[in-house]
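To start, the structure under review is shown below, and the notes come after it.
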Amino acid sequence: MLLFSSCAYVTSLYTDTSVTFTLPAWSQKIILDYWQIRWCCADGIKIKEIPPGTEKFSLMLPENLAAAVIVQPVTKNYAAFFRPAGCIYPENTVSTWTDGFAATILYRLLSADSGNLSARAYSFSRFNWTRFLAEIRQKEKESVARLEAAAENTVDETTVGQKTFYNPWNLNAEKILSEITAKTFTVYDLNLSAREICSIPVTELFSGINATDAVISTYLPENTIVKKYDIITLRKPTREPAVFLLFPDTFEILSVNKNGIVSLVRSELPI
């Protein structure tokens, strides 16, 4: 199913309006230094910093014209280690970790030609971002439900499928960007099949430690999965090494081949 509408819902004229956004909650054991807010809209690419403890912030945006808002947590000891939260205006104004991937896709689409941002904003406002966001949220929710069912033995393993968590950052972002630009994108491009991802028991990867408490994923929603189900889900083969924090003092950089075999590329100390 294509996600472009037949006509734009914006006119060639727009007025700037003040929009209030909500930040995600921060309850991690890692200390938050500040939020870095990046946004891209018809008016340009902008950035500002917001102190921890803030719940809301406001931006001036072209009214009802597509804008990507990226909310990057910057921590005291690990810099921008975590994947950003985000939201897409005007579809929503509540920044979430799950929506961070979609917001990053729109940000990259808009900023690909900074000299013609206004035209690109008009063009990508025709894309069905509401459906795009809903599909990712639903797939993540369904993957958690499958893990819960498997853990409770309420469903036969063969019907549950592979025990994997849907992490949108495992998607092929370059393919999605190309197909949205070419107007050939379909919701099937948001699928992650067993051929593309694999789950690895955390305690097997990092033996000799309390791994489920120490291993921290860059995608914050995955950390609940690590603790509860003792797995991390990786793309196979990895296009770029997957990074995990072995709290408090080591970055573990992993690579996965097409057969799902994981190897440690290197360990690094946080900068």
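Results, tabulated for the structure shown:
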read-out	value
Stretch gain in nm, segment residue 228-residue 134, where the contour uses 0.36 nm per residue and the Cα spacing is subtracted	31.4 nm
Accessible-area composition of the chain, carbon plus sulfur, in percent [1.4 Å probe]	51
Gain upon complete extension [residue 74, residue 27; 0.36 nm per residue less C-alpha separation]	15.5 nm
Förster-model FRET efficiency, 41 Å R0, residue 259 and residue 111, C-beta, rounded to 0.05	0.65
Degrees separating the helix 100-111 axis from the principal Cα axis of the chain, which is the longest one	40
Whether region 77-148 is rounded, prolate or oblate, judged on the alpha carbon gyration tensor where a/c under 1.5 counts as rounded	oblate
Residue-averaged [θ]222 nm for the chain, counting only DSSP H segments that reach four residues, each worth -39500 (n - 2.57)	-8000 deg cm²/dmol
Amide H contacts of residue 33 (H built 1.01 Å from N, under 5 Å, at least 5 apart or other chain)	74, 75, 76
Theoretical FRET efficiency, 1/(1+(r/R0)^6), r = Cβ-Cβ of residue 47 and residue 153, R0 45 Å, to 0.05	0.40
Dimensions (Å) - the chain, Cα atoms, principal axes, largest first	61, 42, 33
Inter-site label distance for residue 195 and residue 249 at 7 Å from Cα along Cβ, in nm	4.5
Accessible area, probe 1.4 Å, largest first, for residues 262, 19	262, 19
In degrees, nearest ten, helix 220-229 long axis to first principal axis of the chain (Cα)	20
Lysines whose Cα lies under 28 Å from that of residue 228, excluding same-chain neighbours fewer than 8 positions away	29, 76, 139, 141, 163, 236, 258
Segment residue 118-residue 17, length gained on full extension (0.36 nm per residue, minus Cα span)	34.8 nm
Solvent-accessible area per residue for the chain (1.4 angstrom probe, square angstrom)	48
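The values are calculated or read from the model by the stated rules, or taken from the named source; none is laboratory data. Bear in mind the structure is a predicted one, so any value in this text is a computation, not a measurement. With ideal geometry, Cβ positions are generated from the backbone for all residues, glycine too; neighbour counts draw on all protein chains shown. Only protein heavy atoms, including side chains, enter the accessible area calculation; ligands, DNA and RNA are left aside. Shrake-Rupley method; radii C 1.70, N 1.55, O 1.52, S 1.80 Å.
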